[in-house]
1. What number of residues within region 138-194 are among the acidic types (D, E), surrounded by fewer than 21 Cβ atoms within 10 Å (Cβ to Cβ) and within 9 Å of ligand 1 (Cβ to nearest atom)?
2. Within region 111-133, restricting attention to residues that are in a strand (DSSP E or B) and either away from ligand 2 (no atom under 16 Å from the Cβ) or open to solvent by 30 Å² or more (accessible area, probe 1.4 Å) (or both), which residue is farthest from S188 (Cα to Cα)?
3. Out of the residues in region 6-44 meeting the condition of being more than 13 Å from the chain's Cα centre (by Cα) and among the polar types (S, T, N, Q), tell me which one is farthest from ligand 1 (Cβ to nearest atom).
4. Pairs needed: first member in region 44-72, free of Cβ contacts under 8 Å to residues at least 60 places away in the same chain and closer than 18 Å to D150 by Cα; second member anywhere, basic (K, R) and open to solvent by less than 70 Å² (accessible area, probe 1.4 Å); C-beta distance under 7 Å; at least 6 residues apart or different chains.
5. Kindly indicate which of E180, E174 is within 20 Å of T144 (Cβ to Cβ), more than 15 Å from the chain's Cα centre (by Cα) and in contact (Cβ under 8 Å) with a residue 24 or more places away in the chain.
6. State all residues of region 1-39 that are open to solvent by 10 Å² or more (accessible area, probe 1.4 Å), within 16 Å of ligand 2 (Cβ to nearest atom) and in a helix (DSSP H, G or I); if no residue qualifies, say none.
7. Does region 40-73 hold any residues that are part of a loop (DSSP other than H, G, I, E, B), of a type outside the set (D, E) and farther than 25 Å from D17 by Cβ, and which are they?
8. Do any residues in region 4-19 that are in contact (Cβ under 8 Å) with a residue 24 or more places away in the chain and among the hydroxyl-bearing types (S, T, Y) have Cβ atoms under 6 Å from those of residues that are near ligand 1 (Cβ under 7 Å from one of its atoms) and in a loop (DSSP other than H, G, I, E, B), where the two are at least six apart or on different chains, and which pairs are they?
Amino acid sequence: MAALEAIIFDVDGTLADTERHGHRIAFNRAFEQFNLDWSWDETLYGALLATTGGKERIKSYLRDYRSGETVDDDFIATLHQTKTRFYLEMLQTEGIPLRDGVRELITAAREANILLAIATTTTYENISNLLIQELGTESIHWFTPLAAGDIVPHKKPAPDIYHYVLEHSKLNPEHCIAIEDSYNGIQSSLGAGITTVITTNGYTEHEDFQGAALVVDKLGTHDNPFRVQAGNAHGHTHVTLDLLQTLLS
Ligand code: XBP
Ligand code: MG
């Protein structure tokens, strides 16, 4: 039996529901700021999520929906910096809460000396500020490494970001569990050989999660149990360290 040594969390859609009312709004505010007549409604944004990474998402939008319009990479980078500024402003003024059960699982892992790490496509400041806002200033040091954004050449679904985490923590994938919310996320974690639990959200609930150890609608808590969408929860009502250990065995 492989002992559970680490939990590696995705961020967007997993730790918090950041996409629909967070990133999407920030992109639209940036487009307005630059007087662009681009507007991403909730449905269009769902389709655009097929591409991970904000700069990459803007490029795929131009390619697929605005043929004939060309902008250079420097402009996209500037536009994206503005989007990040709006996103951070939203985090500070409105806040984006952690999903049900996230705080409890992180607390339990810390008490049991299970290593915590982050493997995300989003910009570093987006995750560091979310953590500070929701879990306090010290919490950015709880995750080693906190791997984010352009730190690797290829974003999810490539496995690079999980390989980075494994390399930097000197962990063997057999002892890790990844928690993800999307098709692109699980392609990335499974690509690095890591057992993966999926916690779905409105944008991802109908995606293909072939290969997941378990698919649930939230991590859940004792009082707010998850709904199992695929896999065997072994009698558990929410995601606990015991359940994660059982899924590794
Ligand atoms: C998350 C993303 C991110 C955010 C935007 O993917 O794709 O791009 O939507 O973040 P995952 P940035 O949850 O699979 O890591 O604009 O900072 O890139
Ligand atoms: Mg995600």
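1. Of the residues in that region, 1 qualify.
2. L115
3. By that ranking, first place goes to N35.
4. Close Cβ pairs (under 7 Å, with a partner that is basic (K, R) and open to solvent by less than 70 Å² (accessible area, probe 1.4 Å)) amount to T51/R57.
5. Just a single option satisfies the conditions, and that option is E174.
6. Matches in region 1-39: E19, R20, H21, R24.
7. R66, S67, G68, T70, V71, listed by residue number.
8. T14/D181
The values are calculated or read from the model by the stated rules, or taken from the named source; none is laboratory data. Quick caveat: nothing in here was measured; it's all calculated off a predicted structure. All Cβ positions, glycine included, derive from the backbone under ideal geometry; neighbour counts span all protein chains shown. Just the protein is used for accessible areas: all its heavy atoms, side chains included, with ligands, DNA and RNA removed. Shrake-Rupley method; radii C 1.70, N 1.55, O 1.52, S 1.80 Å.
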